[in-house]
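The values are calculated or read from the model by the stated rules, or taken from the named source; none is laboratory data. Quantities reported herein were computed from a predicted structural model and do not represent experimental measurements. Cβ coordinates were reconstructed from backbone atoms using ideal geometry, including for glycine residues, and neighbour counts include every protein chain displayed. The protein model used for the area step is the full one, side chains on, heavy atoms only, and it has no ligands, DNA or RNA in it. Shrake-Rupley method; radii C 1.70, N 1.55, O 1.52, S 1.80 Å.
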Amino acid sequence: MTVTYADVAAAHERIKPHGIRTPVLSSTWIDAATGAQVFFKCENLQNMGAFKFRGAYNALSQLNNPKGVIAFSSGNHAQAVALAGRMLGIKTVIVMPADAPKVKLEGTRGFGAEVITFEKGTDREALTRKIAGERGLTLIPPFNHPHVVAGQGTAAKELLEETGPLDYLLVPVGGGGLISGCAIAAKHLAPKCRVIGVEPAAGNDVTLSYQQKKIVKIDVPDTIADGARTQAPGDITFPLILQHVDEMLTVTDDELLRAMFTLWERLKTIVEPTGALGACALFERKLDASGRRVGVLLSGGNVDLGWAAAAWRARP
């Protein structure tokens, strides 16, 4: 099952009246430090604090199941489905890890979803499918769904409509929904733009899969990028990544923490670790962006401030 730019454009029409056209920010300090002209698409300022609203709303708006929907998520997809469900009058049930960031658990419940938690070692997808079958709910996966992919691609569509053609587009990667959709949009609107995905080094399932040209499954990653603790790309997202993405990079958690706080300090905007993955690759010079026009997706801002304060104090 494939996704095209026409799907992204149609998704944008569904989402526009309900989502936020998030701002594109820049920083003279960051431009000087990187030698590039950098445009940050601030999806941390999207409804519920992350790009995930786009895909969730696009998917839910095309469903008709009176019993409702169910999703599994470490946090941002959970909140996105919960909020979209509330907007559309659809009952939502969310399966989340018990150790998910408190801000994401509370946010999901706050949007009216029923939250079911599970402990480490549980097969979350199997648990979700079991509950879906018992209750007659429609499953909305966090990334491996064509309507989700198309919705996520609207972020890059908006960015390129505002900036014009870019040389590079840096995108955080978990299961591949965001980068799949964004790459489809970028290759249509700016064919020469190199689309680069960035993962945490400890959660490099998509990078390994990309290198080996087959889906590689890893153990549940231990990384501060909780939105990228995926084990493998999906059978929908992976072929799209192979077709449209030019390169995959990884960054360490220490590098990611530095990048997150740099964004806080220089852009004056709160970004979560996963949301800072693309920026981190740029700041750590994982690519040569000197003299280039670079788009960076800041994918989310749902960070536990208590954790962030402790991480700040613990810096070397």
Share of accessible surface on carbon and sulfur in the chain, whole %, 1.4 Å probe and ligands ignored, is 50 percent
Remind me, what semi-axes does region 101-234 give for its equivalent ellipsoid, largest first in whole Å, using sqrt of 5 times each Cα gyration tensor eigenvalue?
29, 19, 15
In Å², nearest 10: area of TYR210 left accessible to a 1.4 Å probe
40 Å²
Residue by residue, what Karplus-based ³J(HN,Hα) values in Hz, rounded to whole numbers, does region 282-296 have, using 6.51, -1.76 and 1.60 with θ = phi - 60° and x for Gly and Pro?
5, 4, 8, 6, 6, 9, 8, 9, 4, x, 9, 9, 10, x, 10
Sum -39500 (n - 2.57) across every DSSP H segment of at least 4 residues in the chain, then divide by the residue count to get the 222 nm mean residue ellipticity, nearest 500.
-13000 deg cm²/dmol
Which of the helices in the chain, when you take each full DSSP H run, stretch at least 24 Å along the axis at their Cα atoms and have an average Kyte-Doolittle score of -1.0 or higher?
146-163
Mind listing the long-range amide H neighbours of THR250? Cut-off is under 5 Å, sequence gap 5 or more, other chains count too, H placed in the peptide plane at 1.01 Å from N.
GLU199
Per residue, how many Å² of accessible area does the chain show with a 1.4 Å probe?
40 Å²
As a test question: what accessible area, to the nearest 10 Å², does LEU242 have when a 1.4 Å probe is rolled over all protein chains in place?
60 Å²
Report ARG86's accessible area, 1.4 Å probe, all protein chains in place, as a number in Å² to the nearest 10.
140 Å²
The percentage of Cα-Cα pairs in the chain separated by more than 24 Å is 47 percent
Where only C-alpha atoms are counted, convex hull volume of region 28-93 per residue in Å³:
96 Å³
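For every other residue with a beta carbon closer than 15 angstrom to the beta carbon of ASP253, add +1 if it is Lys or Arg and -1 if Asp or Glu, then tell me the sum.
-3
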Based on the alpha-carbon gyration tensor of region 196-316 and its eigenvalue square roots a ≥ b ≥ c, which shape applies: rounded if a/c is under 1.5, prolate if not and a/b is larger than b/c, or oblate?
oblate
Among beta bridges assigned by DSSP with both residues in the chain, the antiparallel ones amount in percent, to the nearest 5, to 10 percent
